[in-house]
Amino acid sequence: MTPVLIVLALTCLITLLVICRQLGIFSGRYAAVRDYAALLEKIDEVYIGQYDEDDISAAAMRAAVDALDDRWSYYLTPDEYADFLDNVNNRYAGIGVGVVADDVHGGMMVTFVYKGSAAETAGILAGDVIIGIDGEDLSGSDLEDMKNRLARALGETVELTVLRAGGNVETVTAYYSYVFIDPVSFVMLEGDTGYISLADFDKGSARSFISACEELMSAGAGAFIFDVRGNGGGRLAEMTEILDYLLPEGDIFVAVDRSGTEEVTISGPGGVDLPAAVLIDRYSFSAAEYFAAMLKEYGRAVLVGEHTTGKNRVQTTYELPGGGALHISSGQYLTKERVSLYDVGGVSPDFPVDLTEEEFALLYYGILDFGDDPQLVAALAALGR
């Protein structure tokens, strides 16, 4: 054999070995893939019922991630991944309203209207009742059916029959588009206390939060109440930007990789040196409870409400070739004092206050008045307001 042929043969052999290694042929992974392919082939050969191979594959991938026994890791189908991207970008596809069933009129009562949405442009207001869609009466329909009838593709329009609070009935047209959902709302309470509600830490939250703080301080705020009840977390970069703004120079995030190596994010000098309270509950987790814990460790806030979830894992989302995605725990984090919120079971409030089921439901739908909110009242008392 000539030297050239020997070199070519060696090159082909090395290439083949690399491909085999990438495919996992030298590991148990190849056997698993082989068995799965054989399983699908046998289903196709002998199963007497109808089935969708995409559904089977999605279920298999979902089960594989579920077997990790990690509540924070999961598989996303292509459609679920598209919705996930909308959520983390704080955008919503629709006309821009929140609704609940209205048993009195047999339609959907509008509980809120997103700023800048098609619904706002069409003049729909909170308290309006949608009693018809495209000329069809909604009487006798359940909420899920009404929502399905309301659904449209982006760019399409819908004709709504709306019962106004005063009793007038009007017909309006709204179109479906992407709406940015600002996760921040704020107001100045009596006693120069600035109240800021932060629904999540997804895209745009830091900019909106800082803007709210600046506006309230310009209006004379002497204390803050930060509300992260029901906040399920979000993007690390958004949370650290907020902590950098609020806290003095020091550690504001401690990431720990699989080998135990720490990567520390440090805030710059400055901060907002005003008394503060953070409202938390059992549904405050991830970035929300970390945010509360850091303000407490720096002595910048007291915590009011319920015990939080207890999470200390960071997730990374990887898009898969078929259009789905793997959302998986890829690291851990600790507080400035090197506390694992998972190990200690979450963050404990300094002032424990529970809500009744009715109060929680009103809070969830955004219609619990400030004066009727025991946790908010307790936060004001803790601040001496």
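The values are calculated or read from the model by the stated rules, or taken from the named source; none is laboratory data. Owing to the predicted nature of the structure, the values given are computational and were not obtained by experimental measurement. Cβ coordinates were reconstructed from backbone atoms using ideal geometry, including for glycine residues, and neighbour counts include every protein chain displayed.
Points worth noting:
- Subset tally (residues that are over 27 Å from ARG385 (Cα atoms) and surrounded by fewer than 17 Cβ atoms within 10 Å (Cβ to Cβ)) for the range 183-222: 1
- Checked against (1) out of contact with any Leu (no Cβ under 8 Å at 6 or more places or on another chain); (2) among the acidic types (Asp, Glu); (3) closer than 18 Å to ALA379 by Cβ, GLU319 passes all but a single condition, namely (3).
Per-residue answers, yes or no, for (1) under 20 Å from TYR364 (Cα atoms); (2) assigned by TED's automatic domain parsing to the domain that holds GLY155:
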| residue | (1), (2) |
| --- | --- |
| ASP70 | no, no |
| ASP102 | yes, yes |
| HIS105 | no, yes |
| ILE133 | no, yes |
| ASP137 | no, yes |
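- Residues in the range 223-236 that are over 23 Å from VAL302 (Cβ atoms) and either at pLDDT 95 or above or surrounded by fewer than 22 Cβ atoms within 10 Å (Cβ to Cβ) (or both): ARG235, LEU236.
- The residue list GLY194, GLY132, GLY140 contains one member that is outside any strand (DSSP E or B) and over 21 Å from the mean Cα position of the chain (by Cα), which is GLY140.
- Taking the range 237-253 as the range and being surrounded by fewer than 18 Cβ atoms within 10 Å (Cβ to Cβ) and either hydrophobic (A, V, I, L, M, F, W, C) or at positive phi (or both) as the test, the residues that pass are ALA237, GLY250.
- Looking across TYR333, TYR342, one residue alone is of a type in the set (Phe, Trp, Tyr), assigned by TED's automatic domain parsing to the domain that holds ALA287, at negative phi and part of a loop (DSSP other than H, G, I, E, B). It is TYR342.
- Residue satisfying all of: in the range 356-383; part of a loop (DSSP other than H, G, I, E, B) and touching a residue at least 40 places away in the same chain (Cβ under 8 Å); surrounded by the most Cβ atoms within 10 Å (Cβ to Cβ) among these: LEU383
- For ILE328, the conditions (1) in a helix (DSSP H, G or I); (2) surrounded by fewer than 19 Cβ atoms within 10 Å (Cβ to Cβ); (3) within 22 Å of the chain's Cα centre (by Cα); (4) aliphatic (A, V, I, L, M) are fulfilled apart from (1).
- Looking only at residues of the range 134-176 that are closer than 10 Å to GLY107 by Cα and aliphatic (A, V, I, L, M), we find that the one that is surrounded by the most Cβ atoms within 10 Å (Cβ to Cβ) is LEU138.
- Residues of the range 159-173 that are hydrophobic (A, V, I, L, M, F, W, C) and either touching a strand residue (DSSP E or B) at 6+ places or on another chain (Cβ under 6 Å) or not assigned by TED's automatic domain parsing to the domain that holds HIS105 (or both): LEU160, VAL162, LEU163, VAL169, VAL172.
Results for (1) closer than 30 Å to PRO374 by Cα; (2) without any contact (Cβ under 8 Å) to a residue 24 or more places away in the chain; (3) touching a helix residue (DSSP H, G or I) at 6+ places or on another chain (Cβ under 8 Å), shown as yes or no for each residue.
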| residue | (1), (2), (3) |
| --- | --- |
| ILE133 | no, no, yes |
| ARG149 | no, yes, no |
| LEU160 | no, no, no |
| LEU189 | yes, no, yes |
| PHE201 | yes, no, yes |
| ALA206 | yes, no, yes |
| GLU214 | yes, yes, no |
| GLY222 | yes, no, no |
| GLY233 | yes, no, yes |
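- Out of GLY305, GLY268, GLY346, GLY310, one residue alone is touching a residue at least 24 places away in the same chain (Cβ under 8 Å) and more than 27 Å from ALA381 (Cα to Cα). It is GLY268.
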